[in-house]
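Please read the structure below before turning to the comments.
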Amino acid sequence: AAFLMSLPMLLIEVRLGWAQPPTAVGWAIAGLVAIFPSLLAQLFFIRGVQLIGPARAGIFLNLVPLFAVTLAFFILDERLQTHHFIALIFVVAGIGLAERSSMLGRSNGTEQARK
């Protein structure tokens, strides 16, 4: 689907003469991105779902922006601004609330099952 969505822009770039043919380095980078961040991340996430269940594992998908900002800071030397910290607080608070309600739900369910 992503390929089909990007195809019109590729055709426009080719028509305007802006298209850049891929180099060996470009293909190597694409291969590394396909293997490490894409494939391995999916395998680790699937294992995480097996270990802690889909509901709890799904919550941690919200950490993607946190990792993106952290990596941008260290690798790309991006400057962190106030809105980054505000967003970080919201993400961490949301995960904390979801985990807390999950733990409370489990403990309440256990208590009700015993009665």
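Using only the alpha carbons of the chain, determine the length spanned along each of the three principal axes and report them from longest to shortest in whole angstroms.
Its Cα atoms span 73, 34, 24 Å along the three principal axes.
Net charge near Ala72: determine it from the other residues with C-beta under 11 Å of the C-beta of Ala72, scoring Lys and Arg +1 and Asp and Glu -1. It would help to have the intermediate numbers written out before the result.
Numbers: positive: Arg79; negative: Asp77, Glu78.
Value of the local net charge: -1.
Can you list which of the DSSP-assigned H helices in the chain have a Cα extent of 20 Å or more along the long axis and an average Kyte-Doolittle score of at least -0.5? It would help to have the intermediate numbers written out before the result.
Details: long enough: 2-16 (22 Å, 1.71); 82-114 (48 Å, 0.26).
Span-like helices in the chain: 2-16, 82-114.
For the chain, modelled as a Gaussian network with Cα springs under 10 Å, which listed residue fluctuates most, Leu16, Leu61, Leu80?
In the Gaussian network model the winner is Leu16.
Where a number appears in this text, it was derived from the coordinates with a stated rule and is not lab data. No experiment lies behind these values; they were computed from the predicted model shown. For neighbour counting, all protein chains shown are included, and Cβ atoms are generated from backbone atoms with ideal geometry for every residue, glycine included.
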